[in-house]
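First up is the structure itself, then whatever we jot down about it.
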Amino acid sequence: MTTKETPVASAPPIPAFWIGVHVLSQFVFCPRAGINAFENPQDFDDGNEEEARLGAMPDFSLALLKEAFQSAGFKAFLFGIVAGGCLVVAYTIRAYGLAPFVSFGIGGMLCMGATFFYAERAVQSLLQIRSLENATAKEPDPTSEVPMAIHWGEMLKAGFEPQWDRERLVHEPEMLKGTPYLVLRRNGVQIPVIIMPESSVKVHDKYRVRIAAYCHLLQAAALASSPYGIVLKANSYEGETVPVTALLRQFFHGELKKARRFIAEWRTERKAPSPPAPALCSGCPFGEPKPVGGDESAHSQMRISMPMVILSDGNLQTRHSECGDRFNWVAPHEKTISLSLKRIV
Ligand code: SF4
């Protein structure tokens, strides 16, 4: 007797399209955030992560710190002289009329404020210079499989140089692209560095995947050795390594595949990923309800046509959120809850 073999259903091929590292990390945080970021040209371009906006970048290079110290010190000195001059003139002419006395007095006080402002910046730069200069050369073991604590000064003393060339790295076979904001370089070794926002206290999976992706890109595109990445705490020279172990590599490739599946299902069937645990939405920028008037043009600026899910607390001001509009739901953002917003459209 012959039995008819039932064909084994094979998984459909994963469609090919480019994904940026930032978008991938959003998928790790929440699949809906990944789609929000993928469809948002600003996010899609991998240049919209919080660390990119940190104006404190010079703080990471001794040379730039010294420049910042000199510049702030010089401005403090100049404003100090002008402030002193104004106050002396104001004191001298106080008997000759109120108007000039007040003008010079106010000018002097304003310049005094600027003096304190720049003096404080100069002192801050000096303390940072001391902290970096007093460090001794030390670097993490590149073969370690567990995270290790690092200090920025120790890495600089060990000969690594920070670079912000913002070069886009691409890996054609996997259609992955990304731009590490900061890379520590020494000979053929390149270590991507990311800075956690103040709100993060722990190295979440989205940062680990981001590091794995950058190391992968640096190795593939820049032919560098990138055995680990660094995650720095916000406003600190302290951080820890994220070793790119076989397990992390596997996790990263798995997340990349999953992200492509989510995007493909959304594009072809409009199938939305399930919403995450409400706690995740509570502080998520995609779920933040924004006034309809002020933000109305946001979608059209991005050339995305989406009907709005309008929320109201019963007063005139109506609100909506990007995630709400895209997935036709009310994201449980903390503001939506605290303002008792209800869906009206
Ligand atoms: S609001 Fe919630 S569901 Fe929407 S992207 Fe943010 S975390 Fe995900």
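Given the residues PHE17, PHE44, PHE60, PHE29, which is the only one that is farther than 30 Å from LEU127 by Cβ, surrounded by 15 or more Cβ atoms within 10 Å (Cβ to Cβ) and at pLDDT below 90? Quick ask: steps written out before the conclusion?
Numbers: PHE17 fails: surrounded by 15 or more Cβ atoms within 10 Å (Cβ to Cβ); PHE60 fails: farther than 30 Å from LEU127 by Cβ; PHE29 fails: at pLDDT below 90.
The unique qualifying residue is PHE44.
Here LEU248 fulfils each of the conditions (1) touching a Lys or Arg at 6+ places or on another chain (Cβ under 7 Å); (2) closer than 18 Å to VAL21 by Cβ; (3) not assigned by TED's automatic domain parsing to the domain that holds THR179 apart from (3). Applying the condition of being surrounded by fewer than 17 Cβ atoms within 10 Å (Cβ to Cβ) and in contact with a strand residue (DSSP E or B) (Cβ under 8 Å, 6 or more places away or on another chain) to segment 198-239 and asking which residue is farthest from ALA135 (Cα to Cα) yields ALA222. For segment 141-196, the candidate set comprises residues that are among the polar types (S, T, N, Q) and assigned to a strand (DSSP E or B); within that set, the residue that is modelled with the highest pLDDT is GLN190.
This table checks each residue for (1) within 16 Å of the ligand (Cβ to nearest atom); (2) assigned by TED's automatic domain parsing to the domain that holds GLU334; (3) outside any helix (DSSP H, G or I).
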residue: THR241; (1), (2), (3): no, no, yes
residue: PHE252; (1), (2), (3): no, no, no
residue: ALA264; (1), (2), (3): no, no, no
residue: THR268; (1), (2), (3): no, no, no
residue: GLY283; (1), (2), (3): yes, yes, yes
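Restricting ARG121, ARG168, ARG94, ARG130 to residues that are among the basic types (Lys, Arg), closer than 27 Å to PRO227 by Cα and out of contact with any Asp or Glu (no Cβ under 7 Å at 6 or more places or on another chain) narrows the list to ARG168. The set of residues in segment 310-337 being more than 15 Å from ASN40 (Cβ to Cβ), hydrophobic (A, V, I, L, M, F, W, C) and either in contact (Cβ under 8 Å) with a residue 60 or more places away in the chain or away from the ligand (no atom under 11 Å from the Cβ) (or both) consists of ILE310, LEU311, LEU316, ILE337.
Taking segment 308-343 as the range and being farther than 18 Å from ALA37 by Cβ, touching a Phe, Trp or Tyr at 6+ places or on another chain (Cβ under 9 Å) and either surrounded by fewer than 16 Cβ atoms within 10 Å (Cβ to Cβ) or of a type in the set (Lys, Arg) (or both) as the test, only ARG343 passes. Among the residues of segment 122-149, those identified as aliphatic (A, V, I, L, M), without any contact (Cβ under 8 Å) to a residue 40 or more places away in the chain and out of contact with any helix residue (DSSP H, G or I) (no Cβ under 7 Å at 6 or more places or on another chain) are VAL123, LEU127.
If you check THR136 against the conditions, is it assigned to a loop (DSSP other than H, G, I, E, B), at pLDDT 90 or above and farther than 17 Å from ARG249 by Cα?
yes
Every test in (1) out of contact with any Ser or Thr (no Cβ under 6 Å at 6 or more places or on another chain); (2) modelled with pLDDT under 90 is passed by ALA83 save one, and that test is (1). The single condition from (1) surrounded by fewer than 13 Cβ atoms within 10 Å (Cβ to Cβ); (2) touching a residue at least 24 places away in the same chain (Cβ under 8 Å) that ALA119 fails is (1).
The values are calculated or read from the model by the stated rules, or taken from the named source; none is laboratory data. Note that the structure is a prediction, hence the values are computed from the model and not measured. Every residue, glycine as well, gets a Cβ built from its backbone with ideal geometry; the counts of neighbours run over all protein chains shown.
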